[in-house]
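So the structure is just underneath, and the comments pick up after that.
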Amino acid sequence: MTNLSPIGVFDSGVGGLTSVRELTKLLPHEDIIYLGDTARMPYGTKSQQTISKYVSQDIKFLEQFGVKMIIAACGTASSVFPTQDFFKNIDICAYTGVIDPTIKAACQQTQNKRIGIIATAASIRSGMYQNEIKKIIPDAEVVAKACPLFVPLVENGYAKLGNKVTQLVVEEYLSDIKQKQVDTLILGCTHFPLLAPMIQNYLGEDVKLISSGAEAAKFAKNILEQKNMLNPTKESGKLKLFCTDSVELFKENVDTFLEHNLNTEILQTSL
Ligand code: DGL
């Protein structure tokens, strides 16, 4: 592992590309290896034990490429943390999930100390987002809501503003959060930024939305700077994508998630 090594990023599907999108803006000279475990998605409906097993396999897969850092760009994967022992023989300078960076950003942002969290059922059940907020702002009022239907809606191209089906689901899931007048909403699943225009429209412009994928990317940049591990090259970084199910299906979603056309290669793999 050296400064020239790539950054490894993983998610159950394409959601983690919201993190990659931010990384390529912040660190345009870094190579990135991305894994979307599409054959086993969604993670958000699985047990902690199953998610832990998947996360270990995802990390082991990325390790083969000699990555210098790994980002679990998935709220659900971030809600289980591999043991210190697991990392003993893995040669990376840092591992991060999305939860810590996202919570810090939300706690800095809120004025009225009312924070909403939407994420997958597994992430909400783990209580990690809620507990971490309370550590920073003990008297915060936290409104947490699992939104399991958002992931398939996004994966199936139902995210565009004005989509009637998704609009109904947004209203159903977010009515409590709207009523509680939160001023900050954590999009705790990396798929959810694709629904941001619809969510913002429903909650109003005064509510600040925090994207977990983007916050994790900012955090990763800081860590690499601190550890003096940035890639010194002046060339554009390369992005290599792996998925565990059909490349064709994955490709359709990749274009939606990545705003600009990046120099990408997509390959299928098994874990
Ligand atoms: N992107 C994943 C997350 O951030 C959710 C998708 C899934 O359920 O697999 O939690």
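Note on segment 183-197: among residues that are surrounded by 24 or more Cβ atoms within 10 Å (Cβ to Cβ) and over 11 Å from the mean Cα position of the chain (by Cα), the one that is nearest to Ile32 (Cα to Cα) is Leu194.
Quick check on segment 95-104. Is at least one of its residues under 28 Å from Phe250 (Cα atoms), part of a loop (DSSP other than H, G, I, E, B) and within 11 Å of the ligand (Cβ to nearest atom)? Within segment 95-104, one or more residues are under 28 Å from Phe250 (Cα atoms), part of a loop (DSSP other than H, G, I, E, B) and within 11 Å of the ligand (Cβ to nearest atom). Residues in segment 43-89 that are assigned to a helix (DSSP H, G or I) and small (Gly, Ala, Ser): Ser52, Ser56, Gly75, Ala77, Ser78.
Here Lys180 meets the list (1) over 19 Å from the mean Cα position of the chain (by Cα); (2) at pLDDT below 95 almost entirely, failing just condition (2). I want to confirm something. Restricting to segment 90-134 and keeping residues that are of a type in the set (S, T, N, Q) and either touching a Cys at 6+ places or on another chain (Cβ under 8 Å) or buried (at least 24 other Cβ atoms within 10 Å of the Cβ) (or both), which single residue is nearest to Ile210 (Cα to Cα)? Checked segment 90-134; the qualifying residue nearest to Ile210 (Cα to Cα) is Thr102. Checked against the criterion of being farther than 22 Å from Phe150 by Cα, basic (Lys, Arg) and part of a strand (DSSP E or B), the candidates Lys234, Lys240, Lys218 yield just one match: Lys240. Of the residues Thr18, Thr50, Thr76, Thr45, the single one that is within 12 Å of the ligand (Cβ to nearest atom), closer than 18 Å to Ile124 by Cβ and crowded, with 24+ Cβ neighbours inside 10 Å is Thr76. Just the residues that are assigned to a helix (DSSP H, G or I), more than 13 Å from the ligand (Cβ to nearest atom) and of a type in the set (D, E, K, R), please, taken from segment 21-42. Once the filter is applied, which keeps residues that are assigned to a helix (DSSP H, G or I), more than 13 Å from the ligand (Cβ to nearest atom) and of a type in the set (D, E, K, R), segment 21-42 yields Arg21, Glu22, Lys25. If you go through segment 79-94 and keep only what is free of Cβ contacts under 8 Å to residues at least 24 places away in the same chain and either at positive phi or within 16 Å of the ligand (Cβ to nearest atom) (or both), you end up with just Phe81.
The values are calculated or read from the model by the stated rules, or taken from the named source; none is laboratory data. Computed from a prediction, not measured in an experiment: that's the story for all the values here. With ideal geometry, Cβ positions are generated from the backbone for all residues, glycine too; neighbour counts draw on all protein chains shown.
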